[in-house]
1. Net charge around Trp93, counting only other residues with Cβ within less than 12 Å of its Cβ (Lys, Arg = +1; Asp, Glu = -1)?
2. When ranked by the protection proxy of mean other Cβ atoms within 10 Å per residue, highest first, what sequence do the peptides 51-57, 65-71, 15-21 form?
3. Determine, for each peptide in 91-100, 23-32, the mean count of other beta carbons within 10 angstrom over its residues, then list the peptides with the highest first.
Amino acid sequence: MAWAMNGAGEGWVEPFLFSLALWILLPVTFIKVSKGQRRGENSALDRKLLWAAALLDTLLIAMTLLDGGENFGRAMKFVPAYVYIWILMWLSWQIIAIRPFLRRRARTPK
């Protein structure tokens, strides 16, 4: 999918580069969730996944903006379904990674 958005180097190239992280982060996140954890408990892995999400999102946005967003616009014009699906896949592990922090915050008395 990221290869299709790449467009022989003239499309949105950044997802191709960042997809390499998905090969590690998606399985780690889903395995972590499948093992479960006590409510309100945030492990070191939870914190590392949260930091990875913040760092990778920042880099992805910065690299996309550095090319002026033209390549993103080109990918949206020619293969919008691939762009939307890739973004959903990219965000899926991050949404799962942030859940323990949101649950704990929702339960913390004010």
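1. +1
2. Descending mean neighbour count gives 15-21, 51-57, 65-71.
3. Taking the mean over residues of other Cβ atoms within 10 Å, the ranking is 91-100, 23-32.
Bear in mind that the values in this text are calculations on the coordinates, not laboratory data. Remember, it's a predicted structure, so these values are computed and weren't measured experimentally. We place every Cβ from the backbone using ideal geometry, glycine too, and count neighbours over all the protein chains shown.
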